[in-house]
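Remarks on the structure that follows.
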Amino acid sequence: MIAQQLVNGLMLGAIYVLVAVSFTLSIGILNFLNFSIPGLFMVGGMVTWILIGKGLHWGLAILGAVAAAGLVALAVERLSYRRSQAREPEVPLVSSLGFLVLLENLALVGAGSDQQAFPALVPDFNLRIGGLVVGGAQLVSLAVALTLVVAISVVLSRTSLGRQVRSIAESRETAVILGIDVGRLVPGIFILSAVFTALGGVLFALNYLQVSPFMGEGVGFKGVAAMILGGMGSIWGAVAGGLLIGLTEVLSITYLGADVVNVTVYGLLLAVMVLRPQGLFGRPPAREKL
Amino acid sequence: MRTLLDIAGLSVAYGHVTALHELSLAVPEGGIVALLGANGAGKSSLLKAVAGVVRPRGGRVVFDGRDITGAGVPARLAGGLVLVPEGRRILVSLTIEENLLVGAHLRRDPDGVQRDIAAIYDRFPNLGRRRHMAASCLSGGEQQMLAVGRAMIARPRLLMLDEPSLGLSPLFIGHLFALIRELNRDGITILLVEQNTAQALAVAHKAAVLELGRIVMAGDPAQLAGDPRLAEAYLGRAAGEPAALH
Ligand SMILES: Nc1ncnc2c1ncn2[C@@H]1O[C@H](COP(=O)(O)OP(=O)(O)O)[C@@H](O)[C@H]1O
Ligand SMILES: [Mg+2]
């Protein structure tokens, strides 16, 4: 039955991957630990749930939730990130955390603190391969996460847009001299990161069939852990970290019990940090500080 | 000769520090103008203001007959006003070829870009051989060549170079000034900021000396080269100290 647990771990990992990529884009390109990301994750799940409740088609509901997350991300960029560019690096970190608290409490006021049942959107079919059972929602999660990650990776490494973004990541001043439109691309990165996170929240809802105002917190911590595990700023590091944490979590729940799950997950993180401080795919810091 | 770049009454300040005081300078089309001066004189501020990287407090910049004072960096680049910045500013996390491609990001003719990249590799075989390696593998001199190559890809009509010889070996400095002459023969107008006074005056058709944000001497390079006040202005005072009376 270990193969089945591996499948379950990968599915959970796929959700962490999206959150970890979102964090890594923000850190790697903007040098900004965006603590509003768990809130955007929740917005993805909760707004989809709210809009479906209002009778919207689920496709439109997801679109609306992603758009809402994008708008919130733009607000974070304007009000938290941009305003504190010249000041201490801790300021945007703390004020983005403020956004998380604000979002969670807005959801709390609007929907109450209870877990809300999320409708089963993916038909309850199961793919059977040998003795393995892969659920429809699980397949969708893996497919969506993989597609998004491959797409962002190709764009960053092979297109002119990607080169411009990487130029900003290395040195914003140089990017300005080269005529790169930093003022347009930076908000674009915030939106991109919001799309990844919000879709992660939607996938979470699809799989676990429930949403709540605080659904982003546990996942957010794991996403940060996954990013650090893989190496900050590395997309494929975030993928490896996310999948590894998903697997560790599911395997330790199955074989060691649910109470030790955080011990194994964060123990793994700690062990990697001691042995390889830059993370699995990370390069030792050489970048100019932004 | 026709004026390609006309700077009139340009002022630049950072907070309370005034870097340029109503400076005026004309760069004739097809010429090489050398801009000399001690550290902190305002040379980089002048080039950055012309490139659109810093906003001037006052004055005008006219390029090719058009007032571009309010234009952004991309518009200036597209018009052929290209800066090779102080310290080269190569993107070391990108490959050599990616650095060139970033320099071409405003162009919409991919075939032309590929041709120009090939021409740059012909000119600098060291870059071509390592085109897919991270630019961090290059020596200082090679990085300067890449910085010039990255500017060339943007097809400059006026190329502004900010202390390109800084930190280079004498051999590379020789290559660099030969290259500047060559580019100028190909029809590119050059505004050259240098601390390497002798070499800069040797290639320039016109020279100006900047001191504390003002032009204190200007004219024929050969005459300036023999002027004792040049050495004084040049080696002279750090920014902020009072200017000596002449
Ligand atoms: N970004 C900046 N912020 C504050 N002061 C600056 C900045 N850049 C330049 N300065 C000041 O402006 C003056 C001119 O500097 P700069 O243009 O770099 O001179 P140069 O290139 O001739 O060495 C100096 O006094 C310098 O300290
Ligand atoms: Mg300078």
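Computed values, structure above
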| read-out | value |
| --- | --- |
| Enumeration of residues in region B:194-224 that are in a helix (DSSP H, G or I) and either of a type outside the set (Gly, Ala, Ser) or within 20 Å of residue B:166 (Cα to Cα) (or both) | B:197, B:198, B:199, B:200, B:201, B:202, B:203, B:221, B:223, B:224 |
| Condition met for residue A:94 (at pLDDT 90 or above and assigned to a helix (DSSP H, G or I)) | no |
| Qualifying residue in region B:63-73 (condition: more than 9 Å from ligand 1 (Cβ to nearest atom), open to solvent by 10 Å² or more (accessible area, probe 1.4 Å), farther than 24 Å from residue B:166 by Cα and in a helix (DSSP H, G or I)) | yes |
| Checklist (1) open to solvent by 60 Å² or more (accessible area, probe 1.4 Å); (2) at pLDDT below 95; (3) farther than 24 Å from residue B:9 by Cα applied to residue B:236, failing item | (1) |
| Residue that is surrounded by the most Cβ atoms within 10 Å (Cβ to Cβ) [pool: residues in region B:15-24 that are touching a residue at least 40 places away in the same chain (Cβ under 8 Å) and within 14 Å of ligand 1 (Cβ to nearest atom)] | B:20 |
| So residue B:153, is it within 13 Å of chain A (Cβ to nearest Cβ), at pLDDT 95 or above and surrounded by 13 or more Cβ atoms within 10 Å (Cβ to Cβ) | yes |
| Qualifying positions in region A:116-138 - under 30 Å from residue A:54 (Cβ atoms) and part of a strand (DSSP E or B) | A:116, A:117, A:135 |
| Some residue of region A:68-79 being open to solvent by 40 Å² or more (accessible area, probe 1.4 Å) and modelled with pLDDT of 95 or more | yes |
| Tally, over region B:177-193, of residues that are surrounded by 14 or more Cβ atoms within 10 Å (Cβ to Cβ) and farther than 12 Å from residue B:205 by Cα | 6 |
| Residue under evaluation residue A:121, criteria (1) within 11 Å of chain B (Cβ to nearest Cβ); (2) under 19 Å from residue A:202 (Cα atoms); (3) not hydroxyl-bearing (Ser, Thr, Tyr), criterion not met | (1) |
| Per-region count, region B:136-173, residues within 16 Å of ligand 1 (Cβ to nearest atom), without any contact (Cβ under 8 Å) to a residue 60 or more places away in the chain and acidic (Asp, Glu) | 0 |
| Enumeration of residues in region B:64-86 that are in contact (Cβ under 8 Å) with a residue 24 or more places away in the chain and either in contact with a Leu (Cβ under 7 Å, 6 or more places away or on another chain) or more than 16 Å from ligand 2 (Cβ to nearest atom) (or both) | B:64, B:74, B:76, B:77, B:78, B:79, B:80, B:81, B:82, B:83, B:84 |
| Residue check for residue B:30: small (Gly, Ala, Ser), at pLDDT 95 or above and within 18 Å of the chain's Cα centre (by Cα) | yes |
| Number of positions in region B:34-58 that are within 15 Å of the chain's Cα centre (by Cα) and away from ligand 2 (no atom under 16 Å from the Cβ) | 1 |
| Matching option when the condition is touching a strand residue (DSSP E or B) at 6+ places or on another chain (Cβ under 8 Å), open to solvent by less than 20 Å² (accessible area, probe 1.4 Å) and touching a residue at least 40 places away in the same chain (Cβ under 8 Å), among A:198, A:205 | A:205 |
| Region B:95-111, subset among the hydrophobic types (A, V, I, L, M, F, W, C) and facing chain A (nearest Cβ under 7 Å), residue most open to solvent (accessible area, probe 1.4 Å) | B:106 |
| Any hit, region A:246-258, residues being in a helix (DSSP H, G or I) and within 11 Å of the chain's Cα centre (by Cα) | no |
| Residue B:92 within 16 Å of ligand 2 (Cβ to nearest atom), in a loop (DSSP other than H, G, I, E, B), within 14 Å of chain A (Cβ to nearest Cβ) and free of Cβ contacts under 8 Å to residues at least 60 places away in the same chain | no |
| Hits in region A:161-177 (condition: more than 7 Å from every other protein chain (Cβ to nearest Cβ) and open to solvent by 50 Å² or more (accessible area, probe 1.4 Å)) | A:161, A:172, A:173 |
| Which listed residue, of B:53, B:12, is at pLDDT 95 or above, assigned to a loop (DSSP other than H, G, I, E, B) and within 11 Å of ligand 1 (Cβ to nearest atom) | B:53 |
| Enumeration of residues in region B:213-226 that are in contact with a strand residue (DSSP E or B) (Cβ under 8 Å, 6 or more places away or on another chain), open to solvent by 30 Å² or more (accessible area, probe 1.4 Å) and over 19 Å from residue B:8 (Cβ atoms) | B:220 |
| Subset tally (residues that are surrounded by 18 or more Cβ atoms within 10 Å (Cβ to Cβ), in contact (Cβ under 8 Å) with a residue 12 or more places away in the chain and either among the hydroxyl-bearing types (Ser, Thr, Tyr) or more than 21 Å from residue A:143 (Cα to Cα) (or both)) for region A:221-259 | 10 |
| Long-range neighbours under 9 Å by Cβ, at least six apart or interchain, first residue away from every other protein chain (no Cβ under 14 Å) and of a type in the set (S, T, N, Q) within region B:34-60, second more than 10 Å from ligand 2 (Cβ to nearest atom) and open to solvent by 10 Å² or more (accessible area, probe 1.4 Å) | B:39/B:238; B:39/B:239 |
| Lone qualifier among B:61, B:17, B:27 - being within 16 Å of ligand 2 (Cβ to nearest atom) and among the β-branched types (Val, Ile, Thr) | B:17 |
| In region A:125-160, the residues that are within 14 Å of chain B (Cβ to nearest Cβ) and in contact (Cβ under 8 Å) with a residue 24 or more places away in the chain | A:156 |
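The values are calculated or read from the model by the stated rules, or taken from the named source; none is laboratory data. Predicted model, so just to flag it, every value in this text is computed and none were measured. Using ideal geometry, Cβ is built from the backbone for each residue, glycine included, and neighbour counts are taken over all protein chains shown. With ligands, DNA and RNA removed, areas are computed over all heavy atoms of the protein, side chains included. Shrake-Rupley method; radii C 1.70, N 1.55, O 1.52, S 1.80 Å.
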